[in-house]
Amino acid sequence: MKRRYGILALAVLSLLLLNLGWQNEPESAPASTEVYQRGSSPQQTPATQITALVTGLTPTASGGQSTKQPPSWREMPAELSQRLASEISDTDQPLSERLVNLIALESQWMSEGESLTRLQGRYAEALAQLASEGEQLTLAERLAALTRLQDEWAADHPDLAEDLFNPDARLLQARQLWGDEELETLARHFLPADRAEASVAFAGARQQQLDQRAHYQQQLAELEQQLAASQGNMDPERWQQHREEVLGQFRLDFFARAQGKP
């Protein structure tokens with residue numbers, strides 16, 4: 001159980017790191033849109049994402065923040081940041097052991113303070129503990145507990161509050177921990193009413209697109225099997241022409257139905 005939540009918390013950590021990285025991207029999509037686009041696979045293990053992102057985050061957060069708060073973490077050399085990211089994303093070990101190894105590695109470079117990777121690793125561990133302890137609680141109680149944790153961390157690390165604990169990031173963390181079955185409740189808890197409605201509507205439209213795509217791919221695969229089975233002794237060139245005609249008509253019919261056309 002603890003291992004499952006450790007992996008889940010690391011998925012949250014990956015998205016936290018992504019959230020930090022977005023602030024340097026020009027003309028990015030609205031935050032509420034990004035939340036649902038990037039959260040379509042809530043429980044993926046983020047080993048490759050985390051390793052690639054941490055290196056570029058340190059100068060961003062230290063030199064490009066919109067807040068004027070002094071950093072609550074210490075900037076590390078790029079090579080060490082990559083090693084730390086690799087250490088924390090090693091899913092063959094429990095999260096607590098990864099943090100111990102990370103602290104030991106950091107101690108070789110500095111005698112006080114902590115890196116951004118270690119700070120966020122501690123937060124991921126706190127999320128994993130919260131999720132594990134809250135299994136028997138109601139959703140309202142879990143949301144209240146998560147909000148208290150987020151508020152505490154935002155108060156302790158005001159330099160990161162704008163990026164890691166804004167309403168969209170808070171919602172994203174909840175979705176990573178508990179999924180989208182109660183998405184409307186989660187959105188209304190963290191977002192203003194108008195934004196919550198827009199976000200839920202967007203998520204619904206997005207899910208409809210994903211379902212339609214899956215349905216299309218399933219029907220296409222079944223049709224391909226039927227065509228292959230019917231080839232028999234048909235001349236290859238004639239069969240290929242027949243196949244293209246059948247598939248072409250299938251696509252026309254499928255998308256016409258999807259658009260509500262008779």
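Here are a few things to note about the model shown:
- If the condition is being buried (at least 21 other Cβ atoms within 10 Å of the Cβ), over 20 Å from residue 138 (Cβ atoms) and hydrophobic (A, V, I, L, M, F, W, C), then the stretch 166-209 contributes 169, 172, 191, 203.
- Hits in the stretch 115-137 - residues which are open to solvent by 20 Å² or more (accessible area, probe 1.4 Å), under 23 Å from the mean Cα position of the chain (by Cα) and of a type in the set (A, V, I, L, M, F, W, C): 126, 130
- Evaluated against (1) part of a helix (DSSP H, G or I); (2) more than 24 Å from residue 195 (Cβ to Cβ), residue 142 falls short on exactly one condition, (2).
- Single unsatisfied condition, residue 124 versus (1) out of contact with any Lys or Arg (no Cβ under 9 Å at 6 or more places or on another chain); (2) among the hydrophobic types (A, V, I, L, M, F, W, C); (3) free of Cβ contacts under 8 Å to residues at least 60 places away in the same chain: (3)
- When residues in the stretch 230-262 are screened for being under 41 Å from the mean Cα position of the chain (by Cα) and not basic (Lys, Arg), 16 of them pass.
- Hey, residue 159 surrounded by fewer than 20 Cβ atoms within 10 Å (Cβ to Cβ), assigned to a loop (DSSP other than H, G, I, E, B) and touching a residue at least 24 places away in the same chain (Cβ under 8 Å) or not: no
- Every residue from the stretch 86-114 that is more than 21 Å from residue 156 (Cβ to Cβ), outside any loop (DSSP other than H, G, I, E, B), under 22 Å from the mean Cα position of the chain (by Cα) and at pLDDT 75 or above: 86, 98
- Helices (runs of 4 or more DSSP H) contained in the stretch 176-262 and holding at least 3 residues farther than 30 Å from residue 128 by Cβ: 193-230, 236-258
The values are calculated or read from the model by the stated rules, or taken from the named source; none is laboratory data. Quick caveat, the model's predicted, so the values are computed rather than measured. Cβ atoms come from the backbone with ideal geometry, glycine included; neighbour counts cover every protein chain shown. Calculation scope for accessible area: heavy atoms of the full protein, side chains included, ligands and nucleic acids excluded. Shrake-Rupley method; radii C 1.70, N 1.55, O 1.52, S 1.80 Å.
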